[in-house]
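Notes follow once the structure below has been shown.
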Amino acid sequence: MDRTLTPVTSIDDGFAGWNVPTEDDDLHDLDDDLSLLREDFAHVEHPLIGCVIPAYNEESTIGDVIQSLLDQTLTPDEIHVVINNSNDRTLQKAREFAGVHRKSNAERTMVCAVYIHDIGKNAEKKVGALNYGYSMIAPFDYVLGVDGDTVAEPDAVATLLKEIESGPKIGGVSAIFTVDDSKIKGPIASWLVAGQRAQFAAFNIKAMQHHRVIPVLGGQFSLFSVRALEEVAKRENQATPWIMKSEVEDSLLSLQIKSAGYETMLSASARAYVGGMTTLRSLDGQQVKWNSGAVELMRSNPRHPSLTQRWMEHISMFFNGYNRFAFAFLLISSLSISAFEFYPIWIAPTVVAILLNLKIALKIRSRNFRDILFAVLFVPAELYLWVRIGHFVRSWWKSLFGGQSDNWAAQAKAERGRGNAYLVAPIIEVLVLAVCLFVQFKLPIAVQTAVILPLGWWSLAVLTVTQTCIMLVSLLRPTHGAKV
């Protein structure tokens, strides 16, 4: 098993100074060095944390990710950066941090060994990288999974450790994460990132309202109990915790952890910032992969209690799509025969939606003017919801009729700016609407005015009232001062 360790010459973190190895240090024999470190670890009293960072073409972010871990008030004992299928300079950037690092605070001296592994071509992609890193640290107490574009606040690891040790049956704790928008430029990118921030915030708020129990431990920044992972592997007859059975490896593992009798929790205060998708193409690739994997899990485990929230989300998105499609159809049909009459009560759902969006925006701790504008202008949030509806439509279509496909490869292709799959859903939506309108216009006026339009508007009104009541409940439901 190939391992690479290169000493670091300098790191400046402003905290009592890392004791960084130099070229003169005897670090060239990694196996001996690892053995010595493990001997030291055998005598420590604190729980041992091993961190795994699967990295695929992360040259622009991997340095910040490793540095944020080294800057933690409680550093992992080992960090394993597992580079896979990359064709950029991720390896060279990561090597700058490789070596054994020490720093001291008022309580103790912390030792963190950073190892860089380049496993080259890997058919199992992120899953293979996670399991490779896990094999390096399995004797430890906890595994910290961190994405190659995720930066955490300095107290994140210490907070996650405290929370996972608060109960014997907590299998994992995920940090509260949001998209970092500090470097986002351009109207489209700003709109999409604001939408993703609102989407993640809504998920986190719902978790806070349900005692922080979540259906999935996000791969972005989560701490897992090794005992829980070992029990999952034994219970599921798996050689490794992560498997390729699902394209959403974190969702499947979380489901298995729950099935093994452990809780999956959202942290109360540990925070991490992830990279966002800044184009419609890349967002489509990411979200369709996520949703397609979720659909497969839901179809294979339809009655699993941990998937109830997933089912509710997909059912809600179905009705959101139907609501908007029906409104467009009925509005155009009514206008075409001068039968449309506006009632002010129709403004109520829009007002409630704006207030709910504003509540979510105000709950984002790092909120800014873009988050607020996204909520109060209504149109940006509505357009983003249309985009998400397209993702759900594509995901269900692929699951039911599309056969086997590599959504990992599709996402990677989209992030490289290639492919036009993101246009499929809106084109189909427009074509279906056009066909429905064509058929409608071929019907006699009497049928349109006496049957289709009255029944259509009545059913739409019932659905809209129901959805508005659900939004009101969410709006009025207290969050007890929680910030996400």
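List of remarks:
- A crude spin-label estimate for the pair residue 46 and residue 328, with each label 7 Å from Cα along the Cβ direction, gives 5.5 nm.
- Among the listed pairs 162/258; 185/359; 121/183; 258/359; 125/185; 185/413, those beyond 27 Å (Cα-Cα): 121/183; 258/359; 125/185
- Linear extension gain, residue 439 paired with residue 354, 0.36 nm per residue minus alpha-carbon span: 27.1 nm
- Spin-label model, residue 244 to residue 362: label points 7 Å out along the Cα-to-beta-carbon direction sit 4.9 nm apart.
- Angle in degrees between helix 424-442 and the longest Cα principal axis of the chain, rounded to the nearest 10: 10
- Helix 379-401 vs. the chain, principal-axis angle (Cα, 0 to 90°, nearest 10): 80
- When only Cα pairs below 8 angstrom with a gap of at least 6 residues are kept, the range 190-275 shows a relative contact order of 37 percent.
- Calculated diffusion of the range 30-277, Stokes-Einstein form, Kirkwood radius summed over Cα pairs, 20 °C and 1.002 mPa s, µm²/s: 117
- Applying 1/(1 + (r/R0)^6) with R0 = 56 Å to the Cβ-Cβ distance of residue 169 and residue 338 gives a FRET efficiency near 0.30.
- Annotation: extensible slack from residue 89 through residue 73 equals 2.9 nm (criterion: 0.36 nm per residue apart, minus Cα-Cα distance).
- For the pair residue 423 and residue 279 in one chain, pulling the backbone fully straight at 0.36 nm per residue adds 50.6 nm over the alpha carbon distance.
- With the charge dipole of the range 309-476 set up from +1 on Lys and Arg Cβ and -1 on Asp and Glu Cβ about the Cα centre, the Cα lying farthest toward the positive end among the listed residues 475, 336, 372 is that of 372.
- For 331, 463, the sequence from fewest to most other C-beta atoms within 10 Å is 331, 463.
- Degrees separating the helix 347-363 axis from the principal Cα axis of the chain, which is the longest one: 10
- Distance-filtered residues of the range 183-220 - backbone nitrogen under 15 Å, label point 7 angstrom along residue 268 Cα→Cβ: 208-213
- DSSP-defined beta bridges in the chain - what % are antiparallel, rounded to 5: 45
- Packing-based order for 368-377, 418-427, 70-79, using average beta carbon neighbours within 10 Å, highest first: 70-79, 368-377, 418-427
- Order of 342, 441, 329 under a 10 Å beta carbon neighbour criterion, fewest first: 342, 441, 329
- When the inverse distances between all different Cα atoms of the range 385-457 are averaged and flipped, the Kirkwood radius reads 15.0 angstrom.
- Peptides 216-227, 188-199, ordered by how many other C-beta atoms sit within 10 Å of their residues on average, highest first, read 216-227, 188-199.
- Neighbourhood net charge (14 Å Cβ-Cβ; Lys/Arg +1, Asp/Glu -1) for residue 330: 0
- Surface/4 estimate of mean projected area, convex hull on alpha-carbon atoms of the chain, nm²: 24.9
- For residue 113, nonlocal amide neighbours, meaning residues 5 or more places apart or on other chains whose placed amide H falls under 5 Å from its own, are 78, 79, 101.
- Taking every alpha-carbon pair under 8 Å whose residues sit at least 6 apart, the chain reaches a relative contact order of 15 percent.
- Rh (Kirkwood; distinct C-alpha pairs) - the range 309-476, Å: 18.5
- When the P(r) of the range 147-298 is calculated, the portion above 22 Å amounts to 43% of the C-alpha pairs.
- Exposure proxy ranking, count of Cβ atoms within 10 Å, fewest first, for 289, 103: 103, 289
- In the chain, the calculated helix contribution to ellipticity at 222 nm averages -16500 deg cm²/dmol per residue, counting -39,500 (n - 2.57) for every DSSP H run with n ≥ 4.
- Contact order relative to length of the range 30-277, as percent, for alpha carbon pairs under 8 angstrom and 6 or more apart: 23
Quick note: the coordinates plus some simple rules give every number you see, no bench work behind them. Model, not experiment: these values are computed from the prediction. So basically every Cβ, Gly included, is an ideal-geometry build from the backbone, and we count neighbours across all protein chains shown.
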